[in-house]
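Report on the following structure.
Just so it is clear, none of the values below were taken in a lab; they were calculated from the coordinates. On a predicted model such as this, the values are computed, not experimentally measured, just so you know. Positions of Cβ are generated from backbone atoms using ideal geometry, with glycine treated the same way; all protein chains shown enter the neighbour counts.
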Amino acid sequence: MKIFDTMQRRKVDFKPLVPGKVSMYVCGPTVYNLIHIGNARPMIVFDAFRRYMEYKGYEVNYVSNFTDVDDKIIKAANEEGVDSSVISERYIKECKKDMADLNVKPATTHPKATEEIDGMIDMISTLIEKGHAYVAEDGTVYFSVESDKNYGKLSHKDMDEMMSGLRDLKVTGEDQKRNVNDFVLWKPKKEGEPSWPSPWCDGRPGWHIECSVMSKKYLGETIDIHAGGEDLIFPHHENEIAQSECCSGKIFSNYWMHNGFLNINGLKMSKSLGNFFTVRDITAQYDPMVLRLFILSAHYRQPLNFSREVMDQAKASYERILNCTDKLNELKNSAAGDVLTTDEEAAKAQIEGFVKAFEDAMDDDNNTANASTAVFEIVRIANATTNDKSTKAYVDYVYSTIKTLCDGVLGVNTERKSDNLDEEVEKLIAERTAARKAKNFARADEIRNQLTSMGIILEDTREGVKWKRA
Ligand code: AMP
Ligand code: ZN
């Protein structure tokens, strides 16, 4: 299996630290609001990758944090006049609901920053002892980037270059820092903010230290894979490396994976720009599986542009899969025979070819775009080669193949959800049948048109009216 490693800037063979096991850390959201579909991208693409590693037989220890202490959370809490834990707990709950809707598997551990303060104080103390951090007059603790000769190795930033852009620290009000690139490990409390006692001052941690500490606690000093959106490469991940490696003297993570941005009209979707749709906005209009399929239909490192047109295309593609599994479900109940016919053997060989293409795609740096294409090829063959004469053995094979790859690895569930729409459609069909019986063809046509506009296709068969979604 190959992974594009951000640090080496190339695809490399993946070799886990312990054979058969993978330790993986994915930076999670700051919880002060509902997550938007850009935040959902890393959740979905790395969930698919985790599922694929599990499919290959790896035992994956997957850790993803919630940042539950942060300026934005405090601001939201002050606006509502509540404790900041009320805001963070509310949005952790909402985020977990969105993740469940999007079929993102819960992490092995979802640590929260506020529950790991002791570990942060320990790590900061070690960094001070080792001369990698210093305490300013007001109790702020800074990491000293000059003390780390490897600083910049992930983002390939050159220290001298960074220094050449040196701002006047006095002018920027950062004159406590020795170097403009030094970053906060611990900061003194301000009125109305959550705080914890520490050897330096009552205060709260900087953002970067939490991931270093949680990764170490739940996965160990060196882990296999660290991941997140590409905006985290600098400074967040660079700073995590600096803290962790200066503390342990060991490599922090062997592989670094970063997803590209979800854009809207070519601009990064973000809360600060206001150009976002929450997962909740989108799942009110589309099945969450359509959003998941849309995100997986692109390569995770490429930018992905969101628009209604592409969502509608994803919806039509998802419908194609559902129509196929509907048909297979029906045939599974009626088919018989446990020996494949010659034609079925040939079709099975063709499908096996696409199973291989699926695995090759996923082995090639989590290429879910090509893997989804392989699933659509299997769906196409399934539609063309199954009918009421198919053997049960063949129908079962096709069905379980789609289930394993699409539901299991891509995490795109293929069971049609019965919803209120079903009832509404059945009612309209009954009304149309009654209208036809009464020779009121105008009314019957009107109902058919109404159903068409709802995306429902009617088929008049000898057994009565059948319907499916367009
Ligand atoms: P945040 O809550 O902003 O820290 O983001 C949580 C995760 O979502 C991080 O891994 C970010 O890199 C990622 N992320 C935020 N916005 C986008 C976007 N527009 N496209 C892709 N990933 C994003
Ligand atoms: Zn992080």
Could you list H208, H156, H236 so that the one with the fewest beta carbons within 10 Å of its beta carbon is first and the one with the most is last?
H156, H236, H208
Please work out the Cα center distance from the stretch 218-291 to the stretch 179-211, rounded to the nearest Å.
22
What angle do you read, to the nearest 10 degrees and between 0 and 90, between the alpha-carbon axis of helix 368-385 and the longest principal axis of the chain?
10
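Which entries of K72/K189; K2/K157; K427/K468; K15/K112; K105/K332 have Cα-Cα distances beyond 21 Å here? Before the final figure, lay out the partial values.
Details: K72/K189 15 Å; K2/K157 25 Å; K427/K468 14 Å; K15/K112 29 Å; K105/K332 28 Å.
Too far apart for the 21 Å limit: K2/K157; K15/K112; K105/K332.
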What is the antiparallel percent of DSSP beta bridges lying wholly in the chain, to the nearest 5?
50
Packing rank of 288-299, 335-346, where each peptide gets the mean count of other beta carbons within 10 Å, highest leading
288-299, 335-346
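Kirkwood Rh, Cα Rg: Rg to Rh for the stretch 15-163?
Details: Rg = 18.8 Å, Rh = 18.3 Å.
Rounded to two decimals, Rg/Rh equals 1.03.
Viscosity 1.567 mPa s, temperature 4 °C: what is the translational diffusion coefficient of the chain from Stokes-Einstein with a Kirkwood Rh over Cα pairs, rounded to a whole number of µm²/s? Intermediate results must be reported in sequence, preceding the final value.
Details: Rh = 25.2 Å.
Here the translational diffusion coefficient equals 51 µm²/s.
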If S248, S390 are placed from fewest to most neighbouring beta carbons inside 10 Å, the sequence is S248, S390
Among A349, A442, F4, pick out the residue whose Cα is farthest towards the positive end of the charge dipole of the chain, where Lys and Arg carry +1 and Asp and Glu carry -1 on C-beta, about the Cα centre.
A442
Most exposed to least, judged by fewest other Cβ atoms within 10 Å, E161, E359 sort to E161, E359
Starting from the Cα-Cα distance between R10 and D312, subtract it from 0.36 nm times their residue separation and give me the gain in nm to one decimal.
105.3 nm
Note down the magnitude of the dipole of the stretch 357-467 about its Cα centre, charges +1 on Lys and Arg C-beta and -1 on Asp and Glu C-beta and zero elsewhere, to the nearest 20 debye.
940
Return the subset of K96/K417; K11/K268; K93/K271; K268/K417; K250/K271; K315/K403 for which the Cα-Cα distance in this structure is over 27 Å, preserving the input order.
K268/K417; K250/K271
Rounded, prolate or oblate: which one fits the stretch 173-260, using the alpha carbon gyration tensor with axes a ≥ b ≥ c (rounded when a/c is under 1.5, else prolate when a/b beats b/c, else oblate)?
prolate
For the stretch 225-355, what class follows from the C-alpha gyration tensor (a ≥ b ≥ c being the square roots of its eigenvalues): rounded when a/c is under 1.5, otherwise prolate if a/b is larger than b/c, else oblate?
oblate
Could you tell me how far the Cα centroid of the stretch 131-155 sits from the Cα centroid of the stretch 31-90, in Å?
27
Using Cα atoms only, what is the angle between the long axis of helix 71-80 and the major principal axis of the chain, expressed in degrees (0 to 90) to the nearest 10?
70
